[in-house]
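**Student:** Dropping the structure in here first, questions after.
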Amino acid sequence: MGPELTVLAPGLLGPWPAAQCRFVCEGLQLPSFSLLFARGSVAGAGGGDDSLSGALCEAFGLRAGASGWPVAALTRLVDGAHEAGGRAFLRADPVHLEAQPHGAQVVYGEALRLSREEAVALAGELAELPAPGPPQALAAYRWYVPMDDSGGRGCGEVGAVTTHPLDVAVTRVRGSLLPGGDGGGPWRAWLTQAQMILHRAPLNERRVSDGLPAVNSLWLWGGGALPPRRQASYARALGADPLLIGLCRHHGLAHECWDGGWPAAADALARGGNTLLLWTGACSLARRGDVESWREALQRFEVQLARPVVGALRDAKLRAMRLLMPPAPALRVTRGQLWRWWRRKHWLHYTGLEAWGERALSARVS
């Protein structure tokens, strides 16, 4: 019968209101993508976390804690750190905040063009920070700070601070996205001191003179300790995201990188067992309102996955495909369902996130 493929594609359908769907999707040619939606069945209600970190954790059956998803504890495993018992950590990732009229633009990750040596040097500049102390730059763009120091003194009780994933701030940062909750005040004060130190760091001055963005702040998020290990429902996972790798290592699941082509996915499926594939081509594009890039992402999804999946289902090399698209409902398509030729519901039917199933569009596919 073949294995089952689960494709996790957060934000694939975007948060476009139903009234905008026709305009946003006008002219898209997605025959295989449309066929999967026409013949498949909705599996479960809509909702869920559409951030990349939240979608990954939910795919592994985790639940968010008071401080969000335990991203820091999981990605530390990828960056060479040993398990730290039940200690909880926060990510304190380097960012550049640029003032704008209605908030601040955030630059992070590879857009910073920050080397590992520069990251270590800048983190070293923060040695004078109060408890729980300076962040540790285990990777250029992934810095970590314990939620309490070795003596139990921290910026607040573990779980008392609420944070937001970095990828939700791809547009503008406002005060509501800063650390909050009962324990948020001390962390905001800690962050303010870090910003003052970074502002006067000589390395930042050199970066600005070289035309590079200064690291003028840290983004606190992803707090918590390692979650309990669970029996994974997949034999392996494909993808390059550090959190995915950390989840696989923590749960003892085989992991393989994926180059974006179907042959690599087909090889993994041929080895047997259900497979989870992470596709990030549309992640955060819709949140930024980048319609053109989002349309191009859907075209890539058609070529990279939708078309070969339809072929694999028809050739009995795949038993079923489950498509997870938070916050949209999941879709499941089996080989037998491809023969439901009378099903002609267009995929645009699923994009009206305000009222699922109530505002079906009249567009049809042949």
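**Student:** Go through the stretch 82-112 and report how many residues are surrounded by fewer than 20 Cβ atoms within 10 Å (Cβ to Cβ), of a type in the set (D, E, K, R) and within 21 Å of GLY133 (Cα to Cα).
**Tutor:** Qualifying residue count, the stretch 82-112: 2.
**Student:** A follow-up question, please. Among the residues in the stretch 225-240, are any touching a residue at least 60 places away in the same chain (Cβ under 8 Å) and assigned to a helix (DSSP H, G or I)?
**Tutor:** No, the conditions are met nowhere in the stretch 225-240.
**Student:** Still on this structure, please answer the following. Considering each residue of the stretch 276-306, count those that are of a type in the set (S, T, N, Q), touching a residue at least 60 places away in the same chain (Cβ under 8 Å) and out of contact with any Asp or Glu (no Cβ under 8 Å at 6 or more places or on another chain), and give that number.
**Tutor:** Count: 1.
**Student:** Then there is this: Which count do you get for residues in the stretch 65-80 that are modelled with pLDDT of 85 or more and farther than 13 Å from LEU243 by Cα?
**Tutor:** The qualifying residues number 1.
**Student:** I'd like the full set of residues that are exposed (fewer than 13 other Cβ atoms within 10 Å of the Cβ) and not in a helix (DSSP H, G or I), limited to the stretch 186-220.
**Tutor:** ARG200, ASP210, GLY211
**Student:** How about the stretch 311-331: which of its residues are closer than 18 Å to ALA265 by Cα and in contact with a Gly (Cβ under 7 Å, 6 or more places away or on another chain)?
**Tutor:** Residues satisfying the conditions are ALA316, LYS317, LEU318, ARG319.
**Student:** Additional query: Return the only residue of GLY281, GLY260, GLY273 being buried (at least 19 other Cβ atoms within 10 Å of the Cβ), of a type outside the set (D, E, K, R), at pLDDT below 95 and not in a helix (DSSP H, G or I).
**Tutor:** None of the others qualify; the one that does is GLY281.
Per-residue answers, yes or no, for (1) under 22 Å from LEU36 (Cα atoms); (2) in the same structural domain as PRO31 (by TED's automatic domain parsing); (3) touching a Ser or Thr at 6+ places or on another chain (Cβ under 9 Å):
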residue: GLY239; (1), (2), (3): no, yes, yes
residue: HIS250; (1), (2), (3): no, yes, no
residue: LEU278; (1), (2), (3): yes, yes, no
residue: GLU302; (1), (2), (3): yes, yes, yes
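The values are calculated or read from the model by the stated rules, or taken from the named source; none is laboratory data. As the structure is a prediction and not an experimental result, all values here were calculated from the model. So basically every Cβ, Gly included, is an ideal-geometry build from the backbone, and we count neighbours across all protein chains shown.
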